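Below is one structure, written out as structure tokens, with a few remarks after it.
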Amino acid sequence: MRRKNFCHYCGKQLSEKFLDGCVRLYCEFCRQPLYENPIPATCLVVADEKDRILLVKRSVEPQKGLWCLPGGFMELGETPEQAALRELKEETGLCGQVEQLLGVTANPSPDYHTVILIGFLVKRYSGRTRPGDDASEAACFQAHVLPDIAFDSHLHFIRTFYTKHAKTGEAVKYSLKSNC
Ligand SMILES: [Zn+2]
């Protein structure tokens with residue numbers, strides 16, 4: 001993660017100070033530490049009646065050109081469900097309804113240190129697939145022909161879907177590969 005050098009509030013140079021059990025960035029002028037926290041993000045397993053799942057091809061780094069689940073970072077003021085469905089609309093053109101929570105994981109990130117990923121299952125959706133935002137393509141895949149998945153964290157939720165929620169459990173037979 002890139003180090004922060006200046007205070008968000010006063011713009012003065014930050015120093016480091018041992019506080020509450022670890023070394024933290026500290027502003028001597030504001031007399032307060034800069035607490036750094038994980039960043040929350042969402043992803044969605046959008047499944048049709050045949051247990052095919054919707055993937056998007058990334059048009060931006062990281063992992064540009066690889067496929068992943070639709071999703072992205074939460075904005076201020078959103079619920080996790082709202083953030084997930086907004087990203088679905090932006091990246092695929094589809095309007096969806098959250099069926100249920102698939103799980104929550106903490107994942108290492110080169111840019112943000114730790115990303116909290118909230119995974120949702122969507123079974124009901126409407127509209128025509130139209131890739132946009134960070135996605136150059138959007139398509140449905142059957143479990144046995146899934147492409148390499150850009151992020152292990154997304155693969156975790158794909159596995160969760162096929163082992164616990166899919167009608168067929170088809171993908172359990174296949175070793176789902178990731179590319180990182
Ligand atoms: Zn300051």
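The values are calculated or read from the model by the stated rules, or taken from the named source; none is laboratory data. Treat the numbers as computed from the prediction; the structure is a model and nothing was measured. Counting neighbours? That spans all protein chains shown, and the Cβs are built from the backbone with ideal geometry, glycine included.
Is it true that some residue in the stretch 121-128 is loosely packed, with under 13 Cβ neighbours inside 10 Å, under 16 Å from ALA41 (Cα atoms), of a type in the set (S, T, N, Q) and in the same structural domain as HIS165 (by TED's automatic domain parsing)?
Within the stretch 121-128, none of the residues are loosely packed, with under 13 Cβ neighbours inside 10 Å, under 16 Å from ALA41 (Cα atoms), of a type in the set (S, T, N, Q) and in the same structural domain as HIS165 (by TED's automatic domain parsing).
Kindly list the number of the only condition in (1) of a type in the set (Gly, Ala, Ser); (2) in the same structural domain as LEU117 (by TED's automatic domain parsing); (3) within 13 Å of the ligand (Cβ to nearest atom) that fails for GLY11.
(2)
Which condition breaks for GLU81 when tested against (1) within 16 Å of the ligand (Cβ to nearest atom); (2) within 24 Å of the chain's Cα centre (by Cα)?
Exception for GLU81: condition (1).
Conditions (1) out of contact with any Pro (no Cβ under 9 Å at 6 or more places or on another chain); (2) more than 30 Å from ARG3 (Cβ to Cβ), marked per residue:
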position	(1), (2)
PHE73	no, no
GLY77	yes, no
GLU90	no, yes
LEU117	no, no
ARG124	yes, yes
ALA135	no, yes
ALA138	no, yes
GLN142	yes, yes
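Filter the stretch 14-55 down to residues that are acidic (Asp, Glu) and on the phi > 0 side of the Ramachandran plot and give me whichever is nearest to the ligand (Cβ to nearest atom).
ASP20
Would you say PHE6 is exposed (fewer than 15 other Cβ atoms within 10 Å of the Cβ), more than 24 Å from ALA138 (Cβ to Cβ), within 16 Å of the ligand (Cβ to nearest atom) and of a type in the set (Phe, Trp, Tyr)?
yes
Keeping to the stretch 136-163, report how many residues are within 18 Å of LEU102 (Cβ to Cβ), free of Cβ contacts under 8 Å to residues at least 40 places away in the same chain and not basic (Lys, Arg).
Residues in the stretch 136-163 being within 18 Å of LEU102 (Cβ to Cβ), free of Cβ contacts under 8 Å to residues at least 40 places away in the same chain and not basic (Lys, Arg): 2 in total.
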